[in-house]
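Shown next, in structure tokens, is the structure this report addresses.
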Amino acid sequence: MVSRAEAKYIRISPTKVRPVMRLIKGDNANIAMAKLGLINKKGAVLLVKVLKSALANAKVKGYEEAALFISKIVANPGPVLKRSRAASFGRATMIRKRTSHILIELETPQKLIKG
């Protein structure tokens, strides 16, 4: 792991972010940024922010952006905001507003070979 970035308590369900993540897993960081720019989903916008943060962290450590690829990308569930909504016959039903914790780790091909 060269660098990592994590965004917590993001107001989107992990199940909505994971299909977008599958498209960029294992890609070069620059190619992943280009792919995310073409995807018309909220998850893509959030992943761009986390990926930019991971690239900035790697740049501070002295790595080049062109040599980095996404080695690990995960969307774990965060806490659920519970709200109630009026239902028929005077009942209330639960609305679950889910959150996500998004983690991106970048790696260089040389690091992967060394083990």
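Assorted remarks:
- Boolean, Ser84 is free of Cβ contacts under 8 Å to residues at least 24 places away in the same chain, polar (S, T, N, Q), more than 17 Å from Gly43 (Cα to Cα) and out of contact with any strand residue (DSSP E or B) (no Cβ under 9 Å at 6 or more places or on another chain): no
- Residues in region 79-113 that are out of contact with any helix residue (DSSP H, G or I) (no Cβ under 7 Å at 6 or more places or on another chain) and under 20 Å from Leu23 (Cβ atoms): His101, Leu103, Glu105, Glu107.
- Close pairs (7 angstrom Cβ cut-off, 6 or more residues apart or separate chains): part of a helix (DSSP H, G or I) in region 32-45, of a type in the set (Gly, Ala, Ser) anywhere: Leu36/Ala44
- Within region 84-106, tally of residues that are part of a strand (DSSP E or B) and either modelled with pLDDT under 95 or polar (S, T, N, Q) (or both): 3
- Test: residue in region 50-58 that is over 10 Å from the mean Cα position of the chain (by Cα), not in a helix (DSSP H, G or I) and not charged (D, E, K, R): no
- Test set (1) exposed (fewer than 14 other Cβ atoms within 10 Å of the Cβ); (2) out of contact with any Ser or Thr (no Cβ under 9 Å at 6 or more places or on another chain); (3) over 20 Å from Ile10 (Cα atoms) - Lys72 fails condition number: (3)
- Evaluated against (1) part of a helix (DSSP H, G or I); (2) touching a helix residue (DSSP H, G or I) at 6+ places or on another chain (Cβ under 7 Å); (3) among the polar types (S, T, N, Q), Asn76 falls short on exactly one condition, (1).
- If you go through region 1-28 and pick out every residue that is part of a strand (DSSP E or B) and either more than 11 Å from the chain's Cα centre (by Cα) or surrounded by fewer than 18 Cβ atoms within 10 Å (Cβ to Cβ) (or both), you end up with 7.
The values are calculated or read from the model by the stated rules, or taken from the named source; none is laboratory data. Given the structure is predicted, the values throughout are model-derived calculations rather than measurements. With ideal geometry, Cβ positions are generated from the backbone for all residues, glycine too; neighbour counts draw on all protein chains shown.
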